[in-house]
1. Against the 2.2 N^0.38 Å scaling, with N counting residues, where does the stretch A:67-266 land? I'd like the Cα-based Rg ratio to two decimal places.
2. Highest GNM mean-square fluctuation, chain B, Cα pairs closer than 10 Å: which of B:Ala44, B:Ala63, B:Ala12?
3. Can you give the convex hull volume of the alpha carbon atoms of the protein assembly as shown per residue, in Å³?
4. Does anything in the stretch A:229-271 have its amide N under 20 Å from the 7 Å Cα→Cβ label point of B:Thr72, and if so which residues?
5. Using Cα centres only, tell me the gap between the stretch A:211-232 and the stretch A:165-205 in whole Å.
6. Determine, for B:Leu45, A:Leu184, A:Leu249, the number of other Cβ atoms within 10 Å of each Cβ, and report the residues in order from fewest to most.
7. What is the local net charge at B:Ala68, summed over the other residues whose Cβ is closer than 13 Å to its Cβ (Lys, Arg +1; Asp, Glu -1)?
8. Is the C-alpha gyration tensor of the stretch A:215-271 telling us rounded, prolate or oblate? Criteria: a/c under 1.5 is rounded; beyond that, a/b larger than b/c is prolate, otherwise oblate.
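Bear in mind these aren't lab numbers, they're just calculated from the coordinates by the rules spelled out. Small disclaimer: the values here were computed from a predicted structure and weren't measured. FYI the Cβ positions are ideal-geometry reconstructions off the backbone, even for glycines, and counts take in every protein chain you see.
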Amino acid sequence: MNPASTPPTLPESSPGFRIHALTGAATGSSRALSAPLAAEINAALAASPNGEIAVRSIDVDIPLLEKNDILAERNRGYFLGRGLAALNLVSSPGAGKTTLLERTLDEFGRSTRCAVLVGDLETDNDGRRLSRPHAPVAQITTGTVCHLDAGMIARAAQSINLDGVRVLFIENVGNLVCPASFDLGEQVRVVLLSTTEGEDKPLKYPPIFKSAHLVLLTKVDVADVLGFKREVAVENIRRIAPQAKIIQLSARTGEGMPEWYAFLQALTGPL
Amino acid sequence: MESALDAIRHQAVKHGATRVSRIVLRIGALAGVDPDALRFAYEALAPTSIAAGAELEIESVPARARCAACGTEFGVDRGFIFRCPRCGEYSGDIRAGRELGIARLEFPSP
């Protein structure tokens, strides 16, 4: 449009900042151009007689995997390669994760080799509670961190002997919020809801339930005493997470435990 | 955001560009990313990166789910209860909304 020798002129009312030579060079946009960018525009102006700078628009479509997701995928491959099923157990503090695992190691763990990685902010109390001669356990203390991440799992998994282990339980830090965002590379995400909590917990903390493969309704032996309505809780879980299997159990009385063991057995495949 | 800027730098090098003029991110409603927080991080990190001076556009993707009972695919406006508008069943089959990535980049031609 302009003769090669004439510098391009700019319309009076140009739109906001764009990487177009005309607007970029002279709009007086509120955004100052950095020196290298101005130099680049000037160079392009000189090279392009009609004052147009082509903007190359490229559809890149790159998924942004944060560091944790990359490490989680690595863990998943590692676990898969070793032929072990990894379960990430998540719940509020005190929902019964450790008690469930104690009984599971004593019963299911007798015939199928299991290991546990257990996370807490402080103390190795849970690690000691879960310690069994037949099941390797590693305690992860997170300090101030409110969840386990894939890097912690990778390191802790290296610290125990996984030979022959078919089921790896990862007992997450008691927290219904943050662990939802951190994939650990598990095969199955298990969310526990105890009868000492409200039936509406799934509605109040939906992301963690949304991502669950299995929901365990725990401490069902005291449901009646507490006036906890199991059917309401089950319906709430079903509304948020219809994909999840639900097992009602009590690690104290043993009710529902065979169903939990059958679930674990199915994960390990034919022996 | 840092990993996004790394990826952008990588793409710029690949396309022989030294500057980026526009960045379009695609973020699903269920990605767990708050667009305001993302913008804040961008404004803090971009000026000292390859994205200095670039415009950031955020393209949101609404959640979509598929009903396992009747096969209807439907959009979800808000929340985490995905209920089929046709048959009333709840769905856990998320078809869209988890996106988190760089959709498009614009480079000024050298």
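1. So the Cα radius of gyration is 0.96 times the expected 2.2 N^0.38 Å.
2. Fluctuation is largest for B:Ala44.
3. Numbers: hull volume 69.1 nm³, N = 381.
About 181 Å³ per residue, rounded to a whole number.
4. From the stretch A:229-271, the list is A:238-243.
5. Answer, in whole Å: 14.
6. With the fewest neighbours first, B:Leu45, A:Leu184, A:Leu249 line up as B:Leu45, A:Leu249, A:Leu184.
7. Numbers: positive: A:Arg238, B:Arg66, B:Arg83, B:Arg86, B:Arg95; negative: B:Glu73, B:Glu89, B:Asp93.
Around B:Ala68, the surrounding residues sum to +2.
8. Verdict is oblate for the stretch A:215-271.
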